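A short worksheet on the structure shown next.
The values are calculated or read from the model by the stated rules, or taken from the named source; none is laboratory data. The shown structure was predicted, so the numbers you read here are calculated from the model rather than taken from an experiment. Neighbour counts run over all protein chains shown; Cβ positions are idealised from the backbone, glycine included. With ligands, DNA and RNA removed, areas are computed over all heavy atoms of the protein, side chains included. Shrake-Rupley method; radii C 1.70, N 1.55, O 1.52, S 1.80 Å.
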Amino acid sequence: MLIRVALILALINLSACSYFSKRRNPSQETKVMLKDKTGQAKEAPAQATTTDAKGLTPINPNEEEAQQQAQEMKNAVAQAAEHIEKTHGKSKREVGAVPAEKALGWLRNGNTRFMRGTVRKDGATAKDRARIASEQHPHSVILSCSDSRVPPEVIFDQKLGEISVVRTAGQALDAGVVGSIEYAVQNYGANLVVVLGHESCDAIGSALRVVEGAQMESANMMSFANDLKARLLKFKGIPQSPNLSEEGWSNVDGVARDLLLRSEILRDAVTSGEVKIVRAMYHLDSGNVEFK
């Protein structure tokens, strides 16, 4: 696209140069039309034959057309420049072969298998490793808590190369997390992003204490707690819900919203209809993943 725009600009510049060089060429014969006081038009002689400057008025029948052409060139250059500014540095998104709704169905089915204890036997053999050694096309990105009880590959029964997983305490966001999700969506073709929270989240509990004025043990832990804190301020001074369920959902909702606020790539992909962001909650006792 940029090459095409550059060629268009080059053609416009050549046309403009040709046009103005013709106007500047002193050897080109130019016919000037004049009119006298009676309104009669006639061609001016090669040399002036009158000293009455008020007696004759120059007429240029091409002046309006020339102005229109100049304005059209100006508009074309402005539009091309605007297009380059908007698209420069942006690469086309790699759209995956698996639509978001189909990928969501696979995750639901996988979670059902996990709860029933009938997990897949395929997808993790030497043949599978060889198949994905040179490239990957995960159908989904899962942003989940780093809690050891919530491994997405296990609870969704997904195998090698099928999901891209990003894990932080409480699904806390920073540039690295957002960039990792963007990368899978932009370059690997993942069309589904799942923000996965879970009940009884220790990170949520710590962030709630920070909401009440507590401090974490280090600046690094304080950083992730502060990210969660912004989504949990409405719970200040009130009793915690059972299993921190309400607080967990509030954090999940906020993370899904913040991903769109912080990422132009995700906003564009979601707006196009190609990518879907869904929210989910994992129940530790049952193993069930609740989507909404």
Whole-Å distance, taken between Cα centres, linking segment 262-276 and segment 192-232 = 26 Å
request  = Using a 1.4 angstrom probe on the protein heavy atoms only, line up Ser144, Ser218 by accessible area, largest first.
outcome  = Ser218, Ser144
request  = Taking amide H positions as placed in the peptide plane 1.01 Å from N, state which residues far from Val165 in sequence (5 or more) or on other chains have amide H under 5 Å from it.
outcome  = Ile142
message = From Cα pairs below 8 angstrom and at least 6 apart in sequence, can you work out the relative contact order of segment 172-292, rounded to a whole percent?
response = 36 percent
query = Once phi is turned into ³J(HN,Hα) by the Karplus curve 6.51 cos²θ - 1.76 cosθ + 1.60 with θ = phi - 60°, what whole-Hz value does each residue of segment 263-269 show in order, with x for glycine and proline?
reply = 10, 5, 4, 5, 4, 5, 5
query = So how do Leu173, Leu261 rank on accessible area, 1.4 Å probe, biggest first, that is with the largest at the start?
reply = Leu261, Leu173
task = Quote the FRET efficiency, to the nearest 0.05, computed for Thr112 versus Ser134 with a Förster distance R0 of 30 Å and r equal to the Cβ-Cβ distance.
result = 0.40
Sequence of Tyr183, Tyr282 when ordered by accessible area, the most exposed leading, probe 1.4 angstrom = Tyr183, Tyr282
inquiry  = Classify segment 138-197 from the C-alpha gyration tensor, please: rounded if a/c falls under 1.5, else prolate or oblate depending on whether a/b exceeds b/c.
reply    = oblate
ask   = So how far apart, in nm, are the two label points at Val154 and Glu290 if each is 7 Å from Cα heading toward Cβ?
value = 2.2 nm
